[in-house]
1. Anything in the stretch 145-204 that is part of a strand (DSSP E or B), over 18 Å from Ala65 (Cβ atoms) and either of a type in the set (Phe, Trp, Tyr) or out of contact with any strand residue (DSSP E or B) (no Cβ under 8 Å at 6 or more places or on another chain) (or both)? List them, or say none.
2. Inside the stretch 144-159, can you point out the residues that are within 21 Å of the chain's Cα centre (by Cα) and surrounded by fewer than 19 Cβ atoms within 10 Å (Cβ to Cβ)?
3. If the requirement is being among the charged types (D, E, K, R) and within 17 Å of the chain's Cα centre (by Cα), which of these qualifies: Arg121, Arg114, Arg128?
4. Which fully enclosed strands (runs of 3 or more DSSP E) of the stretch 45-135 have 3 or more residues being of a type outside the set (Lys, Arg) and surrounded by 19 or more Cβ atoms within 10 Å (Cβ to Cβ)?
5. Please find, among Lys194, Lys190, the residue that is exposed (fewer than 13 other Cβ atoms within 10 Å of the Cβ), basic (Lys, Arg), more than 17 Å from the chain's Cα centre (by Cα) and modelled with pLDDT of 90 or more.
Amino acid sequence: MSRRSLCLVPLLLAAVVLAAAEQGKAPAPPATTASGVFVGRSGKPMAKARLTLGEVVGDDVLLYAKIKLPSAIPTVTTDDKGQFQFQGFPAGTYTIVYQPAGAGTLLPPEIAIRGFSAMARSFAPELRDMEVGKTGEPYPQRVWGATFTLLKGHTFWLEGANMKVWNATARWRQHGVHLEIRRGLVWMQKLADKSQIKLDAWSF
């Protein structure tokens, strides 16, 4: 082997090592961003709240659905005006779970939300196809199922003998995260790059 060939060997080895390192690198995070404002039903900004994107998985009617909260999903804190921005997530449809200012609980990896599809015995069985609790004195805090609490101000949809949660802020576990219910379903929005989010907390 010539001296020139011997000199090329280290360069070739370095190129092979570099190529292998490039192949082993994790893919770059997506550049998707979404920003918005988080306010209460009165229009007051929800300052210093911790927000996390959650992916709703399961069937279309949420009978066995769950909110998945993988560790790679971004979490942000709202500023004094309730403004926030998520960065580096795949485009898709998400809900937002949140912890009010001062809350210090850890996020669970997933939350089962099938309980929101469940019916409860109505307190006004003579009424059908009607939302109650929207006006007048707000309904007080109420336990719903085994793991959720509906915060003050929730509403129900009456269906004769039964009723279901309609519009509400629900807290998961005693000191857990909060989520928003709209017309019987968990609040969700399809997010692409530079999406604008307007999230209202029903019970605040």
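1. Hits for the stretch 145-204 are Phe156, Trp157.
2. Listed by number, the residues that qualify are Gly145, Ala146, Thr147, Lys152.
3. Details: Arg121 fails: within 17 Å of the chain's Cα centre (by Cα); Arg128 fails: within 17 Å of the chain's Cα centre (by Cα).
After ruling out the rest, the residue left standing is Arg114.
4. Working: elements: 50-57, 66-68, 75-77, 83-87, 92-99, 110-112, 128-132.
Filter on the stretch 45-135 gives 50-57, 92-99.
5. Lys194
The values are calculated or read from the model by the stated rules, or taken from the named source; none is laboratory data. Since the model is a prediction, treat every value here as computed from it, not as a measurement. Positions of Cβ are backbone-derived with ideal geometry, glycine not excepted, and every protein chain shown enters the neighbour counts.
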